[in-house]
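Trainee: Just passing along the structure, written as structure tokens.
The values are calculated or read from the model by the stated rules, or taken from the named source; none is laboratory data. A quick note: this is a predicted structure, and the numbers were derived from the prediction, not measured. Cβ atoms come from the backbone with ideal geometry, glycine included; neighbour counts cover every protein chain shown. These accessible areas exclude ligands, DNA and RNA; they are computed on the full protein's heavy atoms, side chains included. Shrake-Rupley method; radii C 1.70, N 1.55, O 1.52, S 1.80 Å.
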Amino acid sequence: MLVDDKIFLGTSTQPEYIALKYGNRHGLVTGATGTGKTVTLQVMAEGFSGAGVPVFAADIKGDLSGVGKMGQAQGWQTQRAQDIGFAEFKDAVFPVMFWDLFGRQGHPIRTTISEMGALLLSRLLSLNDTQEGVLNIAFKLADDEAMLLLDLKDLRALLVEVQERATEISSRYGNVSTASIGAIQRALLVLEQQGGENFFGERALDIVDLMRTDSDGRGFISILAADDLMQAPRLYSTFLLWLLSELFEELPEVGDLDRPKLVFFFDEAHLLFDDAPKALIDKVEQVVRLVRSKGVGVYFVTQNPVDIPESVLAQLGNRVQHALRAYTPREQKAVRVAAETFRPNPAFSTEEVITQLGIGEALVSVLEAKGVPSMVGRTLIRPPSAQVGPILPAERAAIIAGSPVAGLYDTAIDRDSAFEALSRKARDKQLAEERQQLEEADRKTAERTYQDAAAPRRSTRQTPAEAAMNSLARTVANRLGSALVRGILGSLKRGR
């Protein structure tokens, strides 16, 4: 049942496969909570890895980490294999690298402020149009004055510089208001409190490290620990979009290969589009549409197809739909929309079957010859070969220690950048002001000394008239003093 150049997904009335040559045509895995999406994701990740295709996937609950441990088939796995006639089923383990934006459950992932760019950073900080404009001005100033923007302290220092030079900068680039600067600074503080400062800096992630294969030719499965990251959903979605953009910008054009160079699974994909401005959705559509020619396949994992904008949904050729609930009018509409995205099968009503699927069952439609979608089939998904469920912390630590990138990203690097340059500039300015004040004080002191030296001195010699007057005054004073003394003595005698 295993076929070269194809990934076995399960069995409907026939085996269902994803052809590797269409693996870069993207895909969608949907279904309500608890219907088996994570197991399907693991099956697909194992299939791509076994075919030599590296995989990057976000692990929301920690369950996907089991792919790095040898499986020990449980009863339901062996029973499922028998039910679908999967005689080749066996336990296996796959090469894994663990990553974590916070550096706690995997190798740290970092990027620089400059690489993130103003558009994605504005999305991350929830800035309005005016604030985004000010941020763009700050980035332009940094470019024009050759200032490196690597981490959050660089951006803060740059914003202070923009505020201090607001009049000059407004005349060159456009209006800069104190209120907008303050709003951006407050948003940066919130991001820092969410742990976002760990994400910005160096050493920045080299995407080549996500595209490794092991000695057996199997692709490494890079697993992003996202359980803590989901507490900051904007950071999560912005990071994954940044990573997708980096793949698009850095990888060369390769056209249609016999298999993808990398497959990217975006779990909880609705977070990318919630309250997203049109400019951001347009960017996602552009990247998804064009990254195919770079040999990258993108697979969105979410609860409902309506979570994905139609312009993006149209790009997703390989689809797996698990069960949906239809208790409310909104849910019933969502089921109809999901059913309409499949090529109909005359054997059953797609809309009805979506609500009847059991755990581990799914509607599957994949691209076949000439890229035409296959007729939808009600499929029982094959069991994974590796462990189903999370591994222990000690097992994770051992895998991290033996990783091919162990020690490469663990220590942050703090290069000379905008913060240091602007700190030197502020220090030089302060020293110049202090020097000017000292020079001014010295000038005033010298001026007073010169004025005192140049002023005419009064003569101490007396004229004859002055001498006569002084002599007369002394005589009068002496006589008055003598008379006063005699009067006092006389009164004392009479009082006896």
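Trainee: How much length would be gained if the chain were fully extended between residue 2 and residue 14, taking 0.36 nm per residue of separation minus their Cα-Cα distance, in nm to one decimal?
Mentor: Working: separation 12, 0.36 × 12 = 4.32 nm, distance 1.29 nm.
Full-extension gain reported as 3.0 nm.
Trainee: While we're looking at this one, here's another question. Rounded to the nearest 0.05, what FRET efficiency do residue 74 and residue 349 have when you use their Cβ-Cβ distance and R0 = 45 Å? The partial results should precede the final answer.
Mentor: Numbers: r = 33 Å, r/R0 = 0.74.
Efficiency, from the Cβ-Cβ distance: 0.85.
Trainee: Still on this structure, please answer the following. Leaving out ligands and nucleic acids, note down the accessible area per residue over the chain with a 1.4 angstrom probe, in whole Å².
Mentor: On the way: 24540 Å² over 496 residues.
Heavy-atom accessible area per residue stands at 49 Å².
Trainee: Share of antiparallel DSSP beta bridges in the chain, in percent to the nearest 5?
Mentor: Working: 17 of 46 bridges.
The antiparallel fraction comes to roughly 35 percent.
Trainee: Follow-up. Which shape class, rounded, prolate or oblate, goes with region 148-212 when its Cα gyration tensor gives a ≥ b ≥ c as root eigenvalues, a/c under 1.5 marks rounded, and past that a/b bigger than b/c marks prolate? Walk me through the intermediate numbers first.
Mentor: Details: a/c = 3.33, a/b = 1.95, b/c = 1.71.
Judged from the Cα gyration tensor, region 148-212 comes out prolate (a/c at least 1.5, a/b above b/c).
Trainee: Angle check, please: helix 464-494 long axis (alpha carbons) against the longest principal axis of the chain (alpha carbons), in degrees 0 to 90, nearest 10.
Mentor: 80
Trainee: Suppose every K and R has +1 on its Cβ and every D and E has -1 on its Cβ; what is the size of the dipole of region 210-262 about the Cα centre, in Debye to the nearest 20?
Mentor: On the way: 5 positive and 10 negative charges, 25 e Å.
Using only the charged Cβ atoms, the result is roughly 120 debye.
Trainee: Kindly rank 272-281, 258-267 from highest to lowest mean number of other beta carbons found within 10 Å of each residue.
Mentor: 258-267, 272-281
Trainee: Separation between the residue 410 and residue 282 pseudo-spin-labels, each 7 Å from Cα along Cα→Cβ, expressed in nm?
Mentor: In this crude label model, residue 410 to residue 282 measures out at 4.6 nm.
Trainee: With every protein chain left in place and a probe of 1.4 Å, what is the accessible surface of residue 180, to the nearest 10 Å²?
Mentor: Its heavy atoms expose roughly 10 Å² to the probe.
Trainee: Over the chain, with every protein chain in place, what whole percent of the accessible area is carbon and sulfur at 1.4 Å, could you tell me?
Mentor: On the way: 12740 of 24540 Å².
Ligands and nucleic acids excluded, carbon and sulfur reach 52 percent.
Trainee: Under 1.5 on a/c is rounded, so check that first for region 114-166, then, if it is not, pick prolate when a/b is larger than b/c and oblate when it is not; a ≥ b ≥ c are the square roots of the alpha carbon gyration tensor eigenvalues.
Mentor: Working: a/c = 1.65, a/b = 1.24, b/c = 1.33.
Since a/c reaches 1.5 but b/c is at least a/b, the shape of region 114-166 is classed as oblate.
Trainee: Moving on. Between 252, 405, 359, whose Cα lies farthest towards the positive end of the dipole of the chain when Lys and Arg beta carbons carry +1 and Asp and Glu beta carbons carry -1, centred on the Cα centre?
Mentor: 405
Trainee: Here is a further query. Would you mind computing, in nm to one decimal, how far apart the modelled labels at residue 253 and residue 175 are, each placed 7 Å from Cα along Cα→Cβ?
Mentor: It works out to 4.3 nm between the two label points.
Trainee: Note down the magnitude of the dipole of region 1-116 about its Cα centre, charges +1 on Lys and Arg C-beta and -1 on Asp and Glu C-beta and zero elsewhere, to the nearest 20 debye.
Mentor: On the way: 10 positive and 11 negative charges, 40 e Å.
So the dipole magnitude of region 1-116 works out to roughly 200 debye.
Trainee: Do the sum for the chain: with -39,500 (n - 2.57) for every DSSP H run of n ≥ 4, divided by all residues, what is the mean residue ellipticity at 222 nm, to the nearest 500 deg cm²/dmol?
Mentor: Theoretical 222 nm ellipticity from helices: -14500 deg cm²/dmol.
Trainee: Could you quote the convex hull projected area for region 101-249, Cα atoms only and averaged over all directions, in nm²? Could you put the intermediate results ahead of the total?
Mentor: Working: hull surface 38.8 nm².
In nm², the orientation-averaged hull projection of region 101-249 is 9.7.
Trainee: To continue, here is another question. Can you match Rg and Dmax of the Cα atoms in Å to one of these, [x] 23.8, 83; [y] 39.5, 152; [z] 22.0, 79, based on a calculation from the structure here?
Mentor: [y]
Trainee: Separate question: Taking a ≥ b ≥ c as the square roots of the Cα gyration tensor eigenvalues, with a/c under 1.5 meaning rounded and otherwise prolate when a/b beats b/c, else oblate, which class fits region 216-263? Please report the intermediate quantities before stating the final value.
Mentor: Values: a/c = 3.86, a/b = 1.61, b/c = 2.40.
Verdict is oblate for region 216-263.
Trainee: Return an integer: the convex hull volume of the alpha-carbon atoms of region 26-77, in Å³ per residue. Can you show the working numbers first?
Mentor: Values: hull volume 5.5 nm³, N = 52.
Cα convex hull per residue, to the nearest whole number: 106 Å³.
Trainee: Putting +1 on Lys and Arg Cβ atoms and -1 on Asp and Glu Cβ atoms, find which of 36, 304, 148 reaches farthest to the positive end of the dipole of the chain.
Mentor: My answer, from the dipole projection, is 148.
Trainee: To the nearest 0.05, how large is the calculated FRET efficiency for residue 87 and residue 213 if R₀ is 41 Å and r is the Cβ-Cβ distance?
Mentor: On the way: r = 28 Å, r/R0 = 0.68.
It comes to 0.90.
Trainee: Another question about this same structure. Just the Kirkwood number for region 198-305, please: inverse of mean 1/r across all distinct Cα pairs, in Å, one decimal. Intermediate results must be reported in sequence, preceding the final value.
Mentor: Values: mean 1/r = 0.0660 Å⁻¹.
It is 15.1 Å.
Trainee: Might you report the magnitude of the Cβ-based charge dipole of the chain about its Cα centre, with Lys and Arg at +1 and Asp and Glu at -1, to the nearest 20 debye? Could you put the intermediate results ahead of the total?
Mentor: Working: 56 positive and 64 negative charges, 732 e Å.
Using only the charged Cβ atoms, the result is roughly 3520 debye.
Trainee: Which one of 26, 392, 135 has its Cα pushed farthest toward the positive end of the charge dipole of the chain, where Lys and Arg give +1 and Asp and Glu give -1 at the Cβ?
Mentor: My answer, from the dipole projection, is 135.
Trainee: Can you give the convex hull volume per residue for the Cα atoms of region 71-167, as a whole number of Å³?
Mentor: On the way: hull volume 18.2 nm³, N = 97.
Normalising the Cα hull of region 71-167 by residue number yields 188 Å³.
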